[in-house]
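For reference, the structure discussed in these notes is given below.
What follows draws every value from the coordinates through simple rules; no lab data is involved. Nothing here was measured: the structure is a model prediction, and the numbers come from that model. Positions of Cβ are backbone-derived with ideal geometry, glycine not excepted, and every protein chain shown enters the neighbour counts.
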Amino acid sequence: MCGIVGILGREPVALRLVEALRRLEYRGYDSAGIAVLEGGEIRRVRAAGKLRNLVEKLSREDLSSTIGIGHTRWATHGGPSEHNAHPHVAGRVAIVHNGIIENYKELRAHLQARGITPVSDTDTEIVAHLIDLKLEEGAGPKEAVLAVLEELRGAFAFAIIFAGHDNLMIGARRGSPLAVGHGEGEMMLGSDAIALAPFTSRITYLEDGDVVFLTREGFEILDEERRHVIRPVQFTQAASLLVDKGGYRHFMAKEIHEQPDVIGHTMAEYLDFGEGRVRIPGLPVDLAALDRMTITACGTAFYAGLVGKYWIEQLARLPVEVDIASEFRYREAPLAEGGLSLVISQSGETADTLAALRYCKACGQKVAAVVNVPESTIARESDAVLRTFAGPEIGVASTKAFTCQLVVMAAFAIAVARARGRIDDEREAELVRAMQQLPRLVVQALEHEERIAEVAQELAHAQDILYLGRGINFPLAMEGALKFKEISYIHAEGYAAGELKHGPIALIDETVPVVVIAPRDALFEKTVSNMEEVLARGAKVVLITDEAGAAEHGAKTFQTITVPAADPFIAPVLYAIPVQLLAYHAAVFLGTDVDQPRNLAKSVTVE
Ligand code: AGP
């Protein structure tokens, strides 16, 4: 994901901005830049590639400004180039951005109709022009920014400066993180506390929808209702800044809330939003030549593989076998020379998955690894790496890595379907557009957290819980059960909804809550009838569905949790959010060690 930083200081900021950007390199990037105010005018220096290229260009500049913004860019809209690097400038406005503006095409058309032609391919430059237009119309910087934010759809974190305003910096966030740093007579903005660690350990974490106006003397925050709010100033210990809880009580909570941002960053690696295309570089096989493939993983990663199976078989009509690695490595599956095996692993160090990878290679298969740690053993031993960009995942219960794995599997399924001629350009573009909405929809799904926490406290009293789902929601049911059991220590099982009457329904009585995952899709009615079966036997049903499903089912559920309406293709990513939150809040209520649950390790490097 991109990194942003801003300093409103009392000494020259150019190299201080670079120092902050260095702390954000872990996020991954392909270009960088800064913009400062020299004599009231905007001066910008950008460079493709690594920060050293930017430093080399800065060595030829004489910048004494004490106000500036900086950015490390991971290309989303527009290729990785100096031309598309941030900061973007339009008239009196310089801006840096982390996130994805979904409606940038219509906003771009609006500008072109006013005779304004952006020079870059980015969504960010559009925002700079929109703000500058408001200034042209007589608005002040604050009013201009507030007005433009209302026109944007998607996820963003911004830092903005204005020619002629040497003591003003504006920040805003929706779906992407942004923190305020408090210095001695100076103020800062950063994507996280890590970026600001060289200058301060006093941090204020902005909340979704917040806008902040900074001067050297202080700051003012408006919430998403534009009311003045006070957000706490927190002290982050330098030692913990390598990975910071970001103001959350647990790493798991922070990582659940990072999902809009990291899903956007992972999508940017594989989806070309402008062209509506999927691009998966470096695959070791011709996808069109495949007649089957295997997927192997453990735990949550295995469930991501199962969701991938549904996507690949439904879209590409390619047979997929999915195995848990600890079984696969011993069942001696017959594998063809030159075939494709996918392994999925957040850590890239799971012993069973590594052993499965080695079995596949010994059979002459090409192996592609979906990993979150590019320098891991599994990555190094694979023929191709399909990275997730979730950032460091500290909580033992995997959350953001899972949804990023789903994003990679969805992109892969589209690529395979395209290669096999099962979908055309139009359908590919339609699926890419559906995925592009994910950051915004995940933000909306997270907005139900308070209600989900109440339901979780009810579930926390159970001894046994069943999770039910049909079709592509069946793996989600198993993932939800795994999340719940591994951090609350309550026995929970995920079942295919249609399987209940073949035995498990004997477990049902009024002491057994049943969580049903059922978007209003083609299987909804069948799942509702399974729900009626358990309701008739006294079960307390928690239904997770969308507005249409909630309005229609009519069953007397104990609780209904709604998820934003979405294209069925991306539903599995969205429905992961409520099941993660149910598990998290039940564990918090029970007082278990959420980030380090008993008996578990983050990476199982033994058999
Ligand atoms: C998930 O919440 C668990 N912590 C566990 O099942 C995990 O997914 C599994 O151990 C696989 O780990 P990996 O993705 O690092 O290979």
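Please list, by residue number, every one of the GluC sites (Glu not before Pro) in the range 491-599 that is coil in DSSP and has at most 14 other beta-carbon atoms within 10 Å. Numbers along the way, then the final one.
Numbers: sites: Glu493, Glu499, Glu510, Glu525, Glu532, Glu533, Glu547, Glu552; in loops: Glu510.
Here the sparse-neighbourhood loop sites are Glu510.
For the chain, take the longest principal axis of its alpha carbons; what is the angle in degrees between that and the long axis of helix 425-436, to the nearest 10 within 0 to 90?
Tilt of helix 425-436: around 80 degrees.
Averaged across orientations, what area in nm² does the convex hull of the alpha carbons in the range 395-454 project? Mind showing how you got there, number by number?
Numbers: hull surface 21.6 nm².
Across all orientations, the range 395-454 yields a mean hull projection of 5.4 nm².
How would you classify the range 335-485 from its alpha-carbon gyration tensor, with a ≥ b ≥ c the square roots of the eigenvalues: rounded for a/c under 1.5, else prolate if a/b is greater than b/c, otherwise oblate? If you can, show how the numbers build up before the last one.
Values: a/c = 1.98, a/b = 1.36, b/c = 1.46.
Verdict is oblate for the range 335-485.
May I ask you to sort Phe273, Phe162 by Cβ crowding, counting other Cβ atoms within 10 Å and putting the fewest first? Present the calculation step by step, with values, prior to reporting the outcome.
Values: Phe273 22, Phe162 26.
The fewest-first ordering by Cβ neighbours comes to Phe273, Phe162.
Could you compute the net charge surrounding Ala587? Neighbours are other residues with a C-beta less than 12 Å from the C-beta of Ala587; K and R count +1, D and E count -1.
Details: positive: Arg249, Lys483, Lys485, Arg598; negative: Glu486, Asp593, Asp595.
Once all neighbours under 12 Å are counted, the net charge is +1.
Using Cβ counts within 10 Å as a stand-in for footprinting exposure, how do Lys400, Lys526 rank, fewest first?
Values: Lys400 30, Lys526 14.
Placing the least packed residue first, the sequence is Lys526, Lys400.
Sorted from fewest to most neighbouring beta carbons within 10 Å, what does the list Lys254, Lys483 look like? Intermediate values should be presented prior to the final figure.
On the way: Lys254 23, Lys483 29.
Neighbour counts put them in this order, fewest first: Lys254, Lys483.
Spin-label point model (7 Å from Cα, Cβ direction): what's the Gln314 to Asp424 distance in nm?
2.2
Only four residue types carry charge here, +1 at the Cβ of Lys and Arg and -1 at the Cβ of Asp and Glu. Report the dipole size of the range 366-504 about the Cα centre in Debye, rounded to the nearest 20. It would help to have the intermediate numbers written out before the result.
Details: 15 positive and 19 negative charges, 89 e Å.
Computed charge dipole of the range 366-504: roughly 420 debye.
About the Cα centre of the range 414-566, how large is the charge dipole given +1 on each Lys and Arg Cβ and -1 on each Asp and Glu Cβ? Please answer in debye to the nearest 20.
Details: 16 positive and 24 negative charges, 70 e Å.
It works out to roughly 340 debye.
With the crude spin-label approximation of a point 7 Å out along Cα→Cβ, what separation in nm comes out for Glu220 versus Glu525?
Output for this residue pair reads 5.8 nm.
Please work out the Cα center distance from the range 99-123 to the range 523-560, rounded to the nearest Å.
Result: 44 Å between the Cα centres.
Summing +1 for each Lys or Arg and -1 for each Asp or Glu, what net charge is found among the other residues whose Cβ lies under 10 Å from the Cβ of Leu222? Write out the running numbers ahead of the final one.
Details: positive: Lys142, Arg226, Arg227; negative: Asp210, Glu220, Asp223, Glu224, Glu225.
Net charge around Leu222: -2.
Would you mind checking the tilt of helix 299-316 against the longest principal axis of the Cα atoms of the chain, expressed as 0 to 90 degrees and rounded to 10?
The helix 299-316 is inclined about 90 degrees to the chain.
Putting +1 on Lys and Arg Cβ atoms and -1 on Asp and Glu Cβ atoms, find which of Ser488, Ile570, Ser382 reaches farthest to the positive end of the dipole of the chain.
Ser382
Taking Rh as the Kirkwood radius, which is the inverse of the mean 1/r over Cα pairs, what is the Rg/Rh value for the range 532-607?
Working: Rg = 16.5 Å, Rh = 15.2 Å.
Result: Rg/Rh = 1.09.
Counting Lys and Arg as +1 and Asp and Glu as -1, each charge on the Cβ, what is the dipole of the chain about the Cα centre in debye, to the nearest 20? Present the calculation step by step, with values, prior to reporting the outcome.
Working: 61 positive and 82 negative charges, 167 e Å.
Using Cβ point charges on Lys, Arg, Asp and Glu, the chain gives about 800 debye.
Between Glu327 and Gln112, what FRET efficiency comes out of the Förster formula 1/(1 + (r/R0)^6) with R0 = 41 Å and r the beta carbon distance, rounded to 0.05?
Computed FRET efficiency for Gln112 and Glu327 comes out at 0.10.
Could you tell me what fraction of 2.2 N^0.38 Å the Cα radius of gyration of the chain comes to, as a two-decimal ratio? Kindly include the intermediate steps, with their values, before the conclusion.
Working: Rg = 24.6 Å, N = 607, 2.2 N^0.38 = 25.1 Å.
Here the Cα radius of gyration is 0.98 times the empirical estimate.
If the label point is 7 Å along Cα→Cβ of Glu454, which residues in the range 520-542 have backbone nitrogen under 16 Å from it?
542
Any number yet on Rg/Rh for the range 1-141, C-alpha, Kirkwood? Please list the in-between numbers first.
On the way: Rg = 14.8 Å, Rh = 15.3 Å.
Rg/Rh: 0.97.
Using only helices, what value at 222 nm comes out for the chain when you add -39,500 (n - 2.57) per DSSP H run of length 4 or more and divide by the total residues, to the nearest 500 deg cm²/dmol?
Working: 20 runs with 222 residues, N = 607.
Dividing the helical sum by the residues of the chain leaves -11000 deg cm²/dmol.
Modelled label-to-label distance, Glu61 and Arg277, 7 Å Cα→beta-carbon offset: nm?
3.3
Could you calculate the contour length gain from Lys50 to Asp166, that is, 0.36 nm times the residue separation minus the distance between their Cα atoms, to one decimal place in nm?
Numbers: separation 116, 0.36 × 116 = 41.76 nm, distance 2.89 nm.
Net length gain for the segment: 38.9 nm.
Suppose we take every Cα in the range 23-85 and form the convex hull; what volume per residue is that in Å³? Before the final figure, lay out each step's value.
On the way: hull volume 5.6 nm³, N = 63.
Spelled out: Cα convex hull of the range 23-85, divided by residues, is 90 Å³.
Counting only DSSP beta bridges with both residues in the chain, tell me the antiparallel percent, nearest 5.
On the way: 63 of 102 bridges.
Taking every DSSP beta bridge with both residues in the chain, the antiparallel ones total about 60 percent.
Cβ neighbours within 10 Å, averaged per peptide: list 379-390, 216-227, 64-75, 512-523 in order, most packed at the top.
Numbers: 379-390: 20.8, 216-227: 13.2, 64-75: 24.8, 512-523: 23.2.
Per-residue mean Cβ counts within 10 Å order the peptides as 64-75, 512-523, 379-390, 216-227.
Could you give the length gained on full extension between Glu447 and Gln596, defined as 0.36 nm per residue of separation minus the Cα-Cα distance, in nm?
Between Glu447 and Gln596, full extension yields 51.1 nm more.
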